[in-house]
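The values are calculated or read from the model by the stated rules, or taken from the named source; none is laboratory data. None of the values given here were measured: they were computed from a predicted structure. With ideal geometry, Cβ positions are generated from the backbone for all residues, glycine too; neighbour counts draw on all protein chains shown. These accessible areas exclude ligands, DNA and RNA; they are computed on the full protein's heavy atoms, side chains included. Shrake-Rupley method; radii C 1.70, N 1.55, O 1.52, S 1.80 Å.
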Amino acid sequence: MTQPEQPALSIVIPVFNEEENLAMLHGEIVQALKDFHYEILFVDDGSADKSFAVLTDIQKNSPNVRLIRFRRNFGQTAALSAGFKHARGAIIVPLDADGQNDPADIPRLVSKLREGFDIVSGWRKDRKDNAVTRTLPSRIANWFIGRITGVRLHDYGCTLKAYRAESLKPIRLYGEMHRFIPALARWGGESVAEMVVNHRPRTRGKTKYGLNRTFKVILDLITIKFLASFSTKPIYVFGGLGVLCFIGSFISGITVLAMKVFREYSMNRNPLLIVSLILMTTAVQFVLMGLLAEILVRTYHESQDRPIYIIDKIIESQPPAS
Ligand code: UDP
Ligand code: MG
């Protein structure tokens, strides 16, 4: 069997019920990437409409189109993740299937990446989505994500980004986490740039998201922050909380005793007694949870042979010149 030729560029497109948008999008990509050697990977995320039939049609006349079809709907992050895994290009560019991202931006993103960045992230500066349910929450979320991760980007949520395959492939994605790739990558020592991209209103099909995505994003944010800061030392977090609870318990316990001795205030009528007991129980729980988490972390790292560091390069000792 001949090895398939490696394209320079892989376009990855998650598709969920986008039958009316696909043909036009494909046409635009072909137009925009005339000068590139590229492949397009459509990942059909369990569409219930004719999307997959449309995609097989497109593929008949386009040798550089590859299709992945999920058994059911697993979500945009899963679709992107599958696309990234199977992409063969040295540069990977994901893109929404609904035509809101403009394929004409791809060459600019790629040349920026070639200037020496590991990730170039699109910024939908003039975003064409519902202001109340989408644009405003996304602004707040971006500000918040920037503060917490320390990686300030204007638009984490933009699907259109360009990645070097080797910086993208090691990153594992869960939940709604594809938007955090730039933060995860920068933590791993990669360089990230941002570039304004065009954004267009959705003309056909329906948006798959509403306000509730914002909550998922916040929960994911807590998760990655925790993993990034403490994944190798969870006892520091849980143990720290345990110590705080213990101190609280100690103070209220002493207060109860003092009130009994000096004020003759009955202990069993004093609500601080209950506070003290609850805090003591919680303190023990936190410490035990921390120990459990330590065991889990060790299993995680050792079972996958994952080191707790990332080496840039190693320079071995050189044989003396003779
Ligand atoms: N999408 C997907 N699986 C899902 C939801 C969405 O693959 O469960 C795809 C969808 O087809 C589109 C992209 O993810 O290509 C972004 O979806 P949408 O346009 O609804 O999001 P928005 O642009 O409103 O953020
Ligand atoms: Mg969209």
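Here residue 275 sits with roughly 60 square angstrom of accessible surface, probe radius 1.4 Å. For the chain, adding -39500 (n - 2.57) for each run of n ≥ 4 DSSP H residues and dividing by the number of residues yields -15000 deg cm²/dmol at 222 nm. Per residue, the chain exposes 58 Å² of solvent-accessible protein surface, assessed with a 1.4 angstrom probe and all protein chains in place.
Enumerate the lysines that residue 112 could reach by cross-link, defined here as Cα to Cα under 25 Å, with residues fewer than 8 away along the same chain left out. Excluding near neighbours in sequence, the set is 34, 85, 125, 128, 161, 169, 313.
Using 0.36 nm per residue and subtracting the Cα-Cα separation, the extra length available between residue 208 and residue 322 on full extension is 34.3 nm.
The dipole here belongs to region 1-140: it is taken about the Cα centre, uses +1 on the Cβ of Lys and Arg and -1 on the Cβ of Asp and Glu, and is about 340 debye. Each residue of region 284-295 was assigned a 3J(HN,Hα) from its phi angle through the Karplus expression (A = 6.51, B = -1.76, C = 1.60, θ = phi - 60°), giving 4, 4, 4, 5, 5, 4, x, 5, 4, 4, 4, 5 Hz with x at Gly and Pro.
Take the Cα of residue 166, step 7 Å toward its Cβ, do the same at residue 136, and the gap between the two points is 4.6 nm. Amide H to amide H distances under 5 Å link residue 47 with 17, where only residues 5 or more positions off or on other chains count and H is placed in the peptide plane.
When the alpha-carbon atoms of the chain are used, the pair Rg, Dmax equals 25.8, 91 angstrom. Starting from one equal scatterer on each C-alpha and no solvent at all, send me the Debye-based log10 I(q)/I(0) for region 160-278 at q = 0.14 Å⁻¹, two decimals. Log10 of I(q)/I(0), two decimals: -0.81. Couplings 3J(HN,Hα) for region 231-241, derived from phi with the Karplus relation 6.51 cos²θ - 1.76 cosθ + 1.60 (θ = phi - 60°), are 5, 9, 9, x, 4, 5, 6, 5, x, x, 4 Hz, where x marks Gly and Pro. Model label sites at residue 304 and residue 108, defined 7 Å from Cα along the beta-carbon direction, differ in position by 3.6 nm. Taking the 1.4 Å solvent-accessible surface of region 87-144 as the whole, the part contributed by carbon and sulfur is 57%.
Rolled with a 1.4 Å probe across the full set of protein chains, the surface gives residue 203 an accessible area near 100 Å². Using only Cα atoms, find the angle between the long axis of helix 212-230 and the longest principal axis of the chain, and express it within 0 to 90 degrees, rounded to the nearest 10. With rounding to tens, the tilt is 70 degrees. The length gained by stretching the chain between residue 218 and residue 143 to full extension, at 0.36 nm per residue less their Cα-Cα distance, is 25.8 nm. Within the chain, antiparallel bridges make up roughly 20 percent of the DSSP beta bridges whose residues both belong there.
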